[in-house]
Amino acid sequence: MATADTITIPAHHNIYNGNNKRDLRIDYAIPDNGTNSDTGIFVFVPGFGGHIDSNVYRKMREQFADQYNVVTVQCDYFGSRFMQTAESINLKNGTESLANFLCADEIHEIRTNPTSFMSIISNYSTTVLVEAALGETKEEFVDMGYMQAIDVVTAIEIIKIILTENHLPFNKERVIGYGQSQGAYLLHLANKLVPHLFSQIIDNAAWVEPIYLSSNRFLYQSYRKATLAVEFDYIVKQFLQDKKALSLHNLYKRFKNGAYIYSCIGTTDNLVDVEDKRKALKGLNNVMFEVIDSTKVDGVIFKSTNHGLDADFLKLVDYVLMKKPTHINKNKKQVQYYVASSQTRLSVDYSMGLPIFQFVN
């Protein structure tokens, strides 16, 4: 079995305020037989609801290391802790919204003892709108963009350093990324930020731009008879000026793509427009864009045509890598360069080893 480990390092500084008050957790696994000159690096990037401790990702890290001769890696990226279920909630419209089905005594009880809310509401067949009390701050929040992608890049580069300093051979040209939804989108953004990095990207239902930049996220949770509609209103919407910069249309405009990109999307995906996604990737080299309709739902790899395809992650990766076992990214690594999209411009500096990213006016 692969040798798994966890490290924690000082994270890349917060490019929104310049502070460096955060650590970055990175989990990785080395093949049981060790590494060799063909050993690659395989990074997993979950989306909303997925995280570094999810069983499926832990299984993938351990299993893929041996199966594909890769060092698997995953990080607890910027703001990901706010992308799960809500640990705390508030009534969206106060107790007044409960007056339609609760009596005055029950409303009084909730006002004086808020912890009684769930036990009281669960007796009623109703849906109650609540808001997630997220606790985001400018130090860490769900930016859905640059900081999250920077953490992914940092995790990969740290693994390279660990392997090099421990004299463990590996193939620097074999870096594979798998992501679903927001996680897959972050692989595209990382591909833009560091064009030489990836040899292959497996994109399961990445959106064209982060959907929660323009709308709120909702999770529906059942409690006996009642349903809570939990609304997540992420603070990034309030201050991110150039949202268009995070659209794949702008990120990939005049972009020299070096990675092989496999992108799949279902015909009934309610979060991503199939034709818009096709258009966003159309001008790139080395892309296989696969639309999953009902005829391709095999119950093994693809189990629906909805967002994320209810895919078996392990089997999907195997399916893609059988199609394209190897690919070499011909983009050359640059030590210092600029990345631009829409009105946003960043500098990238590899001169200190780990890349440093900065907004440029």
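Values for this structure:
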| item | result |
| --- | --- |
| So residue 116, is it over 30 Å from residue 21 (Cα atoms), in contact with a helix residue (DSSP H, G or I) (Cβ under 9 Å, 6 or more places away or on another chain), surrounded by 13 or more Cβ atoms within 10 Å (Cβ to Cβ) and not assigned by TED's automatic domain parsing to the domain that holds residue 62 | yes |
| Residue satisfying condition, being within 19 Å of residue 198 (Cα to Cα) and surrounded by fewer than 20 Cβ atoms within 10 Å (Cβ to Cβ), within set 257, 286 | 286 |
| Selected residue [touching a helix residue (DSSP H, G or I) at 6+ places or on another chain (Cβ under 6 Å) and modelled with pLDDT of 95 or more] from 64, 48 | 48 |
| Some residue of the range 77-96 being more than 30 Å from residue 121 (Cβ to Cβ) and in contact with a Gly (Cβ under 8 Å, 6 or more places away or on another chain) | no |
| Residues that are surrounded by 24 or more Cβ atoms within 10 Å (Cβ to Cβ) and either among the hydrophobic types (A, V, I, L, M, F, W, C) or touching a strand residue (DSSP E or B) at 6+ places or on another chain (Cβ under 6 Å) (or both), drawn from the range 164-186 | 175, 176, 177, 178, 179, 180, 183, 184, 186 |
| Single condition residue 95 does not satisfy, out of (1) surrounded by 13 or more Cβ atoms within 10 Å (Cβ to Cβ); (2) touching a residue at least 40 places away in the same chain (Cβ under 8 Å) | (2) |
| Flag if residue 167 is without any contact (Cβ under 8 Å) to a residue 60 or more places away in the chain, more than 27 Å from residue 309 (Cα to Cα), in a loop (DSSP other than H, G, I, E, B) and over 18 Å from the mean Cα position of the chain (by Cα) | yes |
| Residue, surrounded by the fewest Cβ atoms within 10 Å (Cβ to Cβ), within the range 299-328, restricted to residues that are free of Cβ contacts under 8 Å to residues at least 12 places away in the same chain and under 25 Å from residue 208 (Cβ atoms) | 310 |
| Condition check for residue 34: outside the structural domain of residue 236 (by TED's automatic domain parsing), in contact (Cβ under 8 Å) with a residue 40 or more places away in the chain and surrounded by 16 or more Cβ atoms within 10 Å (Cβ to Cβ) | no |
| Residue check, residue 289 farther than 22 Å from residue 329 by Cα and aromatic (Phe, Trp, Tyr) | no |
| Qualifying residue in the range 40-48 (condition: over 30 Å from residue 356 (Cβ atoms), surrounded by 14 or more Cβ atoms within 10 Å (Cβ to Cβ) and in contact (Cβ under 8 Å) with a residue 12 or more places away in the chain) | no |
| Hits in the range 329-361 (condition: within 24 Å of residue 174 (Cβ to Cβ), aliphatic (A, V, I, L, M) and surrounded by 12 or more Cβ atoms within 10 Å (Cβ to Cβ)) | 339, 348, 354 |
| Identity of the residue in the range 217-238, free of Cβ contacts under 8 Å to residues at least 60 places away in the same chain and either assigned by TED's automatic domain parsing to the domain that holds residue 272 or over 19 Å from residue 129 (Cα atoms) (or both), that ends up surrounded by the most Cβ atoms within 10 Å (Cβ to Cβ) | 237 |
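Yes/no matrix, rows are residues, columns are (1) under 14 Å from the mean Cα position of the chain (by Cα); (2) in a helix (DSSP H, G or I); (3) modelled with pLDDT of 95 or more; (4) not assigned by TED's automatic domain parsing to the domain that holds residue 325:
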position: 147; (1), (2), (3), (4): yes, yes, yes, no
position: 171; (1), (2), (3), (4): no, no, yes, no
position: 177; (1), (2), (3), (4): yes, no, yes, no
position: 191; (1), (2), (3), (4): yes, yes, yes, no
position: 202; (1), (2), (3), (4): yes, no, yes, no
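The values are calculated or read from the model by the stated rules, or taken from the named source; none is laboratory data. Since we're looking at a predicted model, the values are computed, not measured. Counting neighbours? That spans all protein chains shown, and the Cβs are built from the backbone with ideal geometry, glycine included.
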